[in-house]
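Have a look at the structure below, then the notes.
The values are calculated or read from the model by the stated rules, or taken from the named source; none is laboratory data. What you see is a predicted model, and the numbers here were worked out from it, not measured in a lab. Glycine gets a Cβ as well: all are built from the backbone with ideal geometry, and neighbour counts include every protein chain shown.
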Amino acid sequence: MTSPAEHRLLLDGESVSFREGETLFELARRHGDAVPSLCFDDRLEPLGACRLCVVEVEGQARPVASCTTQAADGMVVRTMTEALERHRKALCDLVVSENPAGATIDPLRGSASQELAALAVRYEADGGRFAGARSGASRTDDPNPMILRDYDHCISCYRCVRVCSEQQGDDAITVGGRGFATRITTEFEGPLADSACTFCGQCVQTCPTGALADRRALRHADAPGELAATRSVCPYCGVGCSLDILTKGERIVGVQPAFDGPANEGALCVKGQFAWEWVQHPDRLATPLVREDGELVEASWDEALDRAADGFREAARAHGREAVYAVASGRAPHESAYTIQKLVRTCFQSNHVDNCSRA
Amino acid sequence: MAGLAATLGRGAMSNPLEDMDKPDVIFCIGTNMTEAHPVAATRLKKAQARGATLIVADPRQIPLARRADLHLPLRVGTDVALLGAMAHVIVREGLVDEAFVAERTEGFERLRDHVASFTPEWAESITGVAAADIERAAIAYGRAERGAIYYTLGITEHICGVDNVQSLCNLVLLTGNIGRPGTGINPMRGQNNIQGAGDAGALPNNYPGFQPVTDPNNQAKFERAWGVRVDLEKGMTKVRALERAGEKIFAMLICGENTVVSDPDADHCRRALESLEHLVVIDLFLTETAELADVVLPASSWGETDGVFTNTERRPQRVRAAIAPPGEARPEWWIVSQLARRLGAEGFEYESAAEVFDELCSLSPTYGGLSWELVAEGRHHWPVPEAGHPGTPVLHIGEFPRGRGLFATPSFRDPAEVTDEEYPVWLTTGRRLAHYHTRTMSGRSAGPEFLVPEEVVEVHPADVTAWGLADGENALLSSRRGSVVVRVAADDTSPRGTVFSSFSFSDVPVNVLTGSGYDPVTDTAELKVCPVRIEPA
Ligand code: SF4
Ligand code: SF4
């Protein structure tokens, strides 16, 4: 490969290099992350809809949307002028005004749900000037227990529509109407369950206002305790999507995808996203059980482990070491399978061990 | 995985998931990927959006088939005939990669002669797929600059599972579509850590790292490591062990697997477990299987346990405990180690999952360069033979682990049971997106329950009428092994004469019906096809 000639431009007075095809927004983000946006998701085609990311380019009469403008050699770009920040504040006021006054957006709603709230703080947006305007027709009546469609918070960034089409490939939701009547809707305007939606939750996780929200997680909005995230991997299929387990104290309150997950890059499916409540289901076994007079009854670990070991020892004594067999799980971590095969191979000197081989 | 191990020397996905974006022709067979591996399927959708050609061979009009540029709706269980005819066309049309065949394969002449009679017309008579479509598929794959094959249980869960895999392998070897980005032969593993369970040595024929137990060098290595005698003879597969329960096998330890619901011929399975003198089950819930046990040991679950999972693309990744387990539940490695110590074993004094994993790495050539620390980032694909090795995203570059790739010569055979007057309908089984195996997990979560609250059998609308059934009403489904009552859902996903159900719901144990035979090499059950009778109930 021949190394391409270095491209440079002037960004806020500093000469910086850029990559072929890089947008001004990406470039600015690499150099400080101060240019705001609401419609940007780096997995999606840039849209230039929210106009918050505008920058001044010398020689251009008006500011341009940095997310749809490619860097070019010799450009002189300013990202933080007073005029730009004034424009951004005005936009922010307008957007905030369309949202229900005083609403707090619980971070449990979704990964990106704090983006608008954070900008409102940054620009001290009060929204008073445009109060009353609303976009979106809320569908909080959608009966599905997974996705809340609280379109009172919708700002028409179309990230949900774009992620559903470009990332998920399901095209379950579209944009309907115009202007203040613009709304996100499904084909035939019905509930999500009657659409092509597969409940992957990707629209929820990219929504910058929490208009689309995780209903399973929101049930724990009032639970006490600090919200914490633990990086892990989905327990379902072999794709191995990375995710964060959200907890408050000793309670799992939700799951959010890892945007830097090597196998999933921010995606999950309905199982990984919404099917985690089994972990703390009351049916979980919490004590060892042993059979007494035909019934399984609670026992201490010592009792249960002794009984378990005695049974194996007895079977091996009566029928030979080959009489004992073990099956490891394809769901438990390696350490489970490793210790099981080692137990069989060292305690019974056989290779009578397998896993559930159904691929 | 035995099919690939024999022909290439390594039974795992050859290419990483990120490669799914790269091929210009993608051939999916026997994989309901949008349901079973949804996030991987999104990559295929993107590849297609970029112009890749998607060919899907599946008996049913599954969502992936509806998206395909070419759908080959073959009759259930006739994959070998379809793939044999594709090989025939590739040879006939001069699409063989001669240089690749000469340098990297053996047995080409034998294969060429073997497929000479497998004309597309012959295959049409067996598979029901139009000869012209078989030709189109073969030519598209044969001409591809980068052709990639993906498959899952629809290929392996047959008595001819190994034949199926080797037939696919032949296409790969004929066209040289391997050992490069965006190509390969890719079995998608179903469970989150089924790859890892094999990697860790829970196999009757292999130590950790796929080191054969029958090799005296490996025996010596593990005797040195563990300080006890170990056996040179292969163990039984799980399927055989269940068959010999009460005769040869008298005690079992079963970990986290609801065998009674998930395994074929569920009645037989229950009888097998009941005939044991001692059954110990380690699990999260009191499953149908645990209810039969003498001792039930409560394990900590996902979210409560530190450990490692290896995904389908051979990528070990860390899972982490976020909360404490309920009551006295403990990690499985702790439980098993306690048991081993009570059985007099040494070398089970582990104090953390990290110690167990690092011991595994020290004994496995595929994990040799990995450690608990290193897998925290999940950046490596095995094999990682030594420290500092970057990992192996693409297998089979330059050479196969067995040296040359072997052309096998499988021939079409009927499934273990074929339809007849008494059992005139094909039942095929599979997964549903919202549920997972026996629902011990997904069934206790509100979302999946909302989407798929109960088991159904999908019947073509025309057959619903023809067979006197009614949409939404119960039907009695019977095979040579048993019967179940299940609600009918009129659905044109399956062709006429074929019905579909999953094995997720224990109140409708569809696996009472299946289990007519096993692959002679892998002992994998014929779960995908089974002749049944269906009548109003
Ligand atoms: S949940 Fe997924 S499929 Fe459904 S609308 Fe959102 S992005 Fe689309
Ligand atoms: S989120 Fe879905 S696709 Fe990803 S690992 Fe979990 S089950 Fe598989």
Exercise. When the range A:215-236 is examined, which residues are found to be within 16 Å of ligand 2 (Cβ to nearest atom) and more than 8 Å from chain B (Cβ to nearest Cβ)?
Worked result: A:A217
For this session: Go through the range A:173-204 and give me each residue that's of a type in the set (A, V, I, L, M) and either out of contact with any strand residue (DSSP E or B) (no Cβ under 7 Å at 6 or more places or on another chain) or over 18 Å from A:K271 (Cα atoms) (or both).
Result: A:I173, A:V175, A:A181, A:I184, A:A193, A:A196
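Consider B:A462 carefully, then state whether it is out of contact with any Cys (no Cβ under 9 Å at 6 or more places or on another chain) and assigned to a helix (DSSP H, G or I). Give the derivation first.
On the way: out of contact with any Cys (no Cβ under 9 Å at 6 or more places or on another chain): yes; assigned to a helix (DSSP H, G or I): yes.
So B:A462 fits the description; yes.
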Seminar exercise, completed: Listed by range, helices (runs of 4 or more DSSP H) wholly within the range B:91-175 having at least 3 residues that are farther than 24 Å from B:V394 by Cβ and at pLDDT 95 or above are B:108-115, B:120-127, B:131-143
Exercise. Which of the residues belonging to the range A:322-335 are out of contact with any strand residue (DSSP E or B) (no Cβ under 6 Å at 6 or more places or on another chain) and closer than 19 Å to B:V308 by Cα?
Worked result: A:A332
Exercise. Out of the range B:93-111, which residues are more than 23 Å from B:A68 (Cβ to Cβ) and surrounded by fewer than 17 Cβ atoms within 10 Å (Cβ to Cβ)?
Worked result: B:G94, B:E98, B:A99, B:A102, B:E103, B:E106, B:E109, B:R110
Exercise. Which residue out of B:E328, B:E355, B:E332, B:E346 is more than 7 Å from chain A (Cβ to nearest Cβ) and within 25 Å of A:E303 (Cβ to Cβ)?
Worked result: B:E346
Exercise. Does any residue in the range A:186-202 that is away from chain B (no Cβ under 14 Å) come within less than 8 Å, Cβ to Cβ, of a residue that is β-branched (V, I, T) and away from ligand 2 (no atom under 16 Å from the Cβ) six or more places away or on a different chain, and which pairs are these?
Worked result: A:T186/A:I173; A:T186/A:T174; A:E187/A:T174
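Quick test for you: out of A:A299, A:A308, A:A326, A:A315, pick the one residue that is at pLDDT 95 or above, more than 7 Å from chain B (Cβ to nearest Cβ) and farther than 20 Å from B:A324 by Cα.
Details: A:A308 fails: more than 7 Å from chain B (Cβ to nearest Cβ); A:A326 fails: more than 7 Å from chain B (Cβ to nearest Cβ); A:A315 fails: more than 7 Å from chain B (Cβ to nearest Cβ).
Only one candidate passes the filter, namely A:A299.
On the basis of being within 15 Å of ligand 2 (Cβ to nearest atom) and either part of a loop (DSSP other than H, G, I, E, B) or modelled with pLDDT under 95 (or both), does A:V239 make the cut?
Working: within 15 Å of ligand 2 (Cβ to nearest atom): yes; either part of a loop (DSSP other than H, G, I, E, B) or modelled with pLDDT under 95 (or both): yes.
The answer is yes for A:V239.
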Exercise. Do we find a residue being over 26 Å from A:R231 (Cβ atoms), within 10 Å of another protein chain (Cβ to nearest Cβ) and buried (at least 22 other Cβ atoms within 10 Å of the Cβ) anywhere in the range B:302-315?
Worked result: no
Problem set entry | Candidates B:A200, B:A293 - the one that is farther than 26 Å from A:H319 by Cα and surrounded by 24 or more Cβ atoms within 10 Å (Cβ to Cβ) | B:A200
Problem set entry | Selected residue [in a strand (DSSP E or B), of a type outside the set (A, V, I, L, M) and within 14 Å of ligand 1 (Cβ to nearest atom)] from A:T174, A:T198, A:T247, A:T230 | A:T174
Exercise. If we only count helices (runs of 4 or more DSSP H) wholly inside the range B:1-81, which ones have 2 or more residues that are at pLDDT below 90?
Worked result: B:2-7, B:33-36, B:38-49
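If a residue has to be of a type in the set (A, V, I, L, M, F, W, C) and either within 11 Å of chain B (Cβ to nearest Cβ) or within 16 Å of ligand 2 (Cβ to nearest atom) (or both) to count, how many in the range A:141-185 make the cut? Explain how you work it out, then say what you get.
Taking the range A:141-185 and keeping what is of a type in the set (A, V, I, L, M, F, W, C), we get A:146-148, A:154-155, A:157, A:160-161, A:163-164, A:172-173, A:175, A:180-181, A:184.
This time we only want the ones that are either within 11 Å of chain B (Cβ to nearest Cβ) or within 16 Å of ligand 2 (Cβ to nearest atom) (or both), so: A:146-147, A:163-164.
Result for the range A:141-185: 4.
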Problem set entry | Breaking point among (1) more than 7 Å from every other protein chain (Cβ to nearest Cβ); (2) modelled with pLDDT of 95 or more, for A:E265 | (2)
Exercise. Consider B:R92 against the criteria (1) in contact (Cβ under 8 Å) with a residue 12 or more places away in the chain; (2) out of contact with any His (no Cβ under 9 Å at 6 or more places or on another chain); (3) of a type outside the set (V, I, T): it satisfies all of them except one. Which criterion is unmet?
Worked result: (1)
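Of all the strands (runs of 3 or more DSSP E) wholly in the range A:256-336, which have at least 2 residues that are surrounded by fewer than 19 Cβ atoms within 10 Å (Cβ to Cβ) and not aromatic (F, W, Y)? Outline the logic, then answer.
Values: elements: A:289-292, A:295-298, A:324-328.
Hits in the range A:256-336: A:289-292, A:295-298.
One line per residue, one yes/no per condition, for (1) free of Cβ contacts under 8 Å to residues at least 40 places away in the same chain; (2) closer than 16 Å to B:D283 by Cα; (3) within 16 Å of ligand 1 (Cβ to nearest atom):
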position: A:Q256; (1), (2), (3): no, no, yes
position: A:L268; (1), (2), (3): no, no, yes
position: A:L285; (1), (2), (3): yes, yes, no
position: A:E292; (1), (2), (3): yes, no, no
position: A:A304; (1), (2), (3): yes, yes, no
Exercise. What number goes with the only condition from (1) farther than 26 Å from A:R86 by Cβ; (2) out of contact with any helix residue (DSSP H, G or I) (no Cβ under 7 Å at 6 or more places or on another chain); (3) crowded, with 16+ Cβ neighbours inside 10 Å that A:F18 does not pass?
Worked result: (2)
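I'd like the residue in the range A:94-130 that is part of a loop (DSSP other than H, G, I, E, B) and among the charged types (D, E, K, R) and, out of all such residues, is modelled with the lowest pLDDT.
At the first step, the residues of the range A:94-130 found to be part of a loop (DSSP other than H, G, I, E, B) are A:98-106, A:110-114, A:123-127.
Filter again for among the charged types (D, E, K, R), leaving A:98, A:106, A:124, A:126.
On the way: A:E98: 74, A:D106: 93, A:E124: 87, A:D126: 70.
Filtering first and then ranking leaves A:D126.
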Exercise. Here are some conditions: (1) crowded, with 21+ Cβ neighbours inside 10 Å; (2) more than 25 Å from B:R432 (Cα to Cα); (3) away from ligand 1 (no atom under 16 Å from the Cβ). A:T206 meets all but one. Which one does it not meet?
Worked result: (3)
Problem set entry | Members of the range A:216-236 that are out of contact with any strand residue (DSSP E or B) (no Cβ under 7 Å at 6 or more places or on another chain) and buried (at least 24 other Cβ atoms within 10 Å of the Cβ) | A:P235, A:Y236
Seminar exercise, completed: Over the range A:211-227, the set of residues within 16 Å of ligand 1 (Cβ to nearest atom) and outside any loop (DSSP other than H, G, I, E, B) is A:L212, A:A213, A:D214, A:R215, A:R216, A:A217, A:L218
Problem set entry | Unmet requirement for B:P16, which otherwise passes all of (1) at negative phi; (2) buried (at least 21 other Cβ atoms within 10 Å of the Cβ); (3) in contact with a helix residue (DSSP H, G or I) (Cβ under 8 Å, 6 or more places away or on another chain) | (3)
